[in-house]
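Following: one structure in structure tokens, then a few remarks.
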Amino acid sequence: MATNSVTGRLNPLWETYYRRAEFQRNMKIRDVLLSDYGKASSIPSPVNQLMTDFAVGFRDGRDINLGVGYVNEQTIPHQQIQHACEAVLAHPKKYRASLNYGGAQGSPNLIASLRRFHIENRIGGITEQTLNNRDIVIGANGATSLLESITHLLPAGIVLTADPMYYIYCNDLGRKGFSVIAIPEDDEGLNAERLRMKLRTLGNEKEAIRFFYVVTVNNPTCTILSNNRKRELVDIVTRLSYEVGRKIPIFFDNAYRDLVHDTDVEPLASALCYDTLGIVYEIGTLSKILAPGLRIGYLIGPKGRFLDSVIQRTSDIGFSAPLINQEIASYLLDHGIEAQIQKVNNGYHQKAKQVKPWIAELLGDNVQECRGGSAGFYYYLTLANATTDTTSDFFKFLTRTTGQEKVDGPPGSQHPKVVYIPGEHCVHPAGEMVGVGKRQFRISYGFEELPQIHEALKQMKSAIAYNHENS
Ligand SMILES: Cc1ncc(COP(=O)(O)O)c(C=O)c1O
């Protein structure tokens, strides 16, 4: 009972309760205090928002997603992974305690397998000697976690990269307080001459450069960084390091390095082979050649304080990648990885070869430039006379948000929607490409199958016509 039956007064406990409730009602309570990074992260990035909006109403078998960076399901070796899992669990002597915690550098089996994989296949010209004074470190959760670790281990400052840029990482860098400078790429990758010019204009600000980030098969464009350009970039950053009197690391992101499916392309050299100062790091992943779900990414670089700090950071954020996944990956690298890579590349090559003529046939002169097709699984298009940003008629037509029933279809049974990544999200918002970026977009031929991609391109043709009718 809240009141005393004799005195009629509130029981003291209830009195306290009511007083506190009233106090809280009268007091304005502020929300959880967020760090600058927390504040920036409380708003989803534009691409996350776009993908979430699309995913919410996605209709399987009707809508077409050329926006996601998902690999093709058919390239994932489901059976081999199942077999590898059984083999790992059946051999506890080799794969010790594989369902337990692992060490922070990564599974010794996986590290040995990666070494062998690189040396035996002479990936990029890597030899035993290349790896002698270098270490391999496994990330906590794919290459992404290693990229993210860098943002915690190096002080905020300037990061140089290519434009268009890998928007996911560059967005993360921005939220962590880094200032990204993006240098337009040409058909050999990040333009070295423009980079030299930029460095000259930076003057004393060069002191604030923290690192370079270069994607060797760029995402979104799939432009392949040529060996010459790679050597030139290492040379520029080596000179810059001497100039500022401090080693400036250059990270090469090799996410799609093993997906060069055009046999006319020169074999890609490893940037490690060009490094004389100990500033080159390569980031690799098994996501594209095995399965993103394994979440295995790795970093190769000179032994030393930086790699040690990456290992500690991995420990801080979850000890290491799930050990069972690392052991499965080790087994797969030791058993038939070459055939698997071949299979993956054949699949993407067939698709790239088929999609390119469809782009020409359906979009024709409306396409001013088309990049990609030799590696990875994206085409990056520049339209001649139509914008592609989220306010454009092209975008509204494809996402069925024009507000006109004849275009969108009847409510509840809309026409097929098509999603792509608008170029406005891929180019640096304050860079030189911001204008042209509004006419660009990335389409993936990885995830969807060919009939759906063909249908999506037909819809794009209609979207361009709709844009022209309205302009
Ligand atoms: C350039 C680039 N780096 C890294 C990643 C992520 O790799 P992981 O799956 O190992 O985190 C991707 C994924 O699409 C990518 O495009």
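The values are calculated or read from the model by the stated rules, or taken from the named source; none is laboratory data. Only a predicted model underlies this, so the values are computations on that prediction, with no experimental measurement involved. Note that each Cβ is placed from the backbone with ideal geometry, even for glycine, and that neighbours are counted across all protein chains shown. Protein only, heavy atoms only, side chains kept; ligands, DNA and RNA dropped before computing areas. Shrake-Rupley method; radii C 1.70, N 1.55, O 1.52, S 1.80 Å.
For segment 42-86, taking the residues that are under 24 Å from residue 174 (Cβ atoms) and part of a loop (DSSP other than H, G, I, E, B), the one that is most open to solvent (accessible area, probe 1.4 Å) is identified as 43. For segment 145-164, residues that are in contact with an Asp or Glu (Cβ under 9 Å, 6 or more places away or on another chain) and more than 15 Å from residue 210 (Cα to Cα) total 3. Taken over segment 288-312, the residue count meeting the criterion of being over 20 Å from the mean Cα position of the chain (by Cα), in contact (Cβ under 8 Å) with a residue 60 or more places away in the chain and part of a helix (DSSP H, G or I) is 5. Applying the condition of being assigned to a loop (DSSP other than H, G, I, E, B) and more than 22 Å from the chain's Cα centre (by Cα) to segment 240-256 and asking which residue is nearest to the ligand (Cβ to nearest atom) yields 248.
Residue by residue, here is whether (1) small (Gly, Ala, Ser); (2) touching a strand residue (DSSP E or B) at 6+ places or on another chain (Cβ under 8 Å); (3) closer than 14 Å to residue 250 by Cα holds:
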{"residue": "129", "(1), (2), (3)": "no, no, no"}
{"residue": "136", "(1), (2), (3)": "no, yes, no"}
{"residue": "144", "(1), (2), (3)": "no, yes, no"}
{"residue": "148", "(1), (2), (3)": "no, no, no"}
{"residue": "151", "(1), (2), (3)": "no, no, yes"}
{"residue": "170", "(1), (2), (3)": "no, yes, no"}
{"residue": "176", "(1), (2), (3)": "no, no, no"}
{"residue": "183", "(1), (2), (3)": "no, yes, no"}
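Matching residues to (1) within 14 Å of the ligand (Cβ to nearest atom); (2) open to solvent by 10 Å² or more (accessible area, probe 1.4 Å); (3) more than 30 Å from residue 80 (Cα to Cα); (4) part of a helix (DSSP H, G or I):
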residue	(1), (2), (3), (4)
194	no, yes, yes, yes
199	no, yes, yes, yes
203	no, yes, yes, yes
214	yes, no, yes, no
235	no, yes, yes, yes
238	no, yes, yes, yes
258	yes, yes, no, yes
266	no, yes, yes, no
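Residue-level analysis places residue 329 outside the set of residues that are open to solvent by less than 10 Å² (accessible area, probe 1.4 Å), assigned by TED's automatic domain parsing to the domain that holds residue 145 and assigned to a loop (DSSP other than H, G, I, E, B). Residue 98 satisfies every condition listed in (1) open to solvent by 60 Å² or more (accessible area, probe 1.4 Å); (2) of a type outside the set (A, V, I, L, M); (3) away from the ligand (no atom under 16 Å from the Cβ) except (1). It is to be established whether one or more residues within segment 34-42 are farther than 30 Å from residue 447 by Cα and of a type in the set (A, V, I, L, M). The answer is yes, given that some residue of segment 34-42 is farther than 30 Å from residue 447 by Cα and of a type in the set (A, V, I, L, M).
Looking at segment 47-61 only, could you name the residues that are on the phi > 0 side of the Ramachandran plot and touching a residue at least 60 places away in the same chain (Cβ under 8 Å)? Within segment 47-61, no residue meets the criteria.
Set side by side, the residues 259, 290, 307 differ, and just one is out of contact with any Lys or Arg (no Cβ under 8 Å at 6 or more places or on another chain), of a type in the set (A, V, I, L, M, F, W, C) and over 15 Å from residue 149 (Cα atoms), which is 290. Scoring residue 177 on the criteria (1) in a loop (DSSP other than H, G, I, E, B); (2) open to solvent by less than 30 Å² (accessible area, probe 1.4 Å) leaves a single failure, condition (2). Between a first residue in segment 365-384 that is farther than 28 Å from residue 267 by Cα and a second residue that is open to solvent by less than 10 Å² (accessible area, probe 1.4 Å) and of a type in the set (Val, Ile, Thr), which pairs have beta carbons less than 6 Å apart while being 6 or more apart in sequence or on different chains? Listed pairs, sorted by first residue: 366/464; 368/382. Of all the listed residues (392, 374), the sole one being among the polar types (S, T, N, Q) and closer than 20 Å to residue 45 by Cα is 392.
Residues in segment 118-144 that are part of a helix (DSSP H, G or I) and either open to solvent by 10 Å² or more (accessible area, probe 1.4 Å) or basic (Lys, Arg) (or both): 119, 120, 123, 124, 125, 128, 129, 130, 132, 143, 144.
The residues of segment 1-40 that are more than 29 Å from residue 175 (Cα to Cα) and β-branched (Val, Ile, Thr), listed by number, are 3, 6, 7, 16.
Applying the condition of being open to solvent by 70 Å² or more (accessible area, probe 1.4 Å) and of a type in the set (Asp, Glu) to segment 15-41 and asking which residue is nearest to residue 376 (Cα to Cα) yields 36. Within segment 145-172, the set of residues being within 13 Å of the ligand (Cβ to nearest atom), open to solvent by less than 30 Å² (accessible area, probe 1.4 Å) and within 28 Å of residue 422 (Cβ to Cβ) comprises 145, 146, 147, 150, 161, 162, 164, 165, 167, 169, 170, 172. Does residue 186 satisfy being of a type in the set (D, E, K, R) and within 12 Å of the ligand (Cβ to nearest atom)? For residue 186, the condition - of a type in the set (D, E, K, R) and within 12 Å of the ligand (Cβ to nearest atom) - is not met. Of the residues making up segment 268-283, those that are part of a helix (DSSP H, G or I) and away from the ligand (no atom under 16 Å from the Cβ) are 272, 273, 274.
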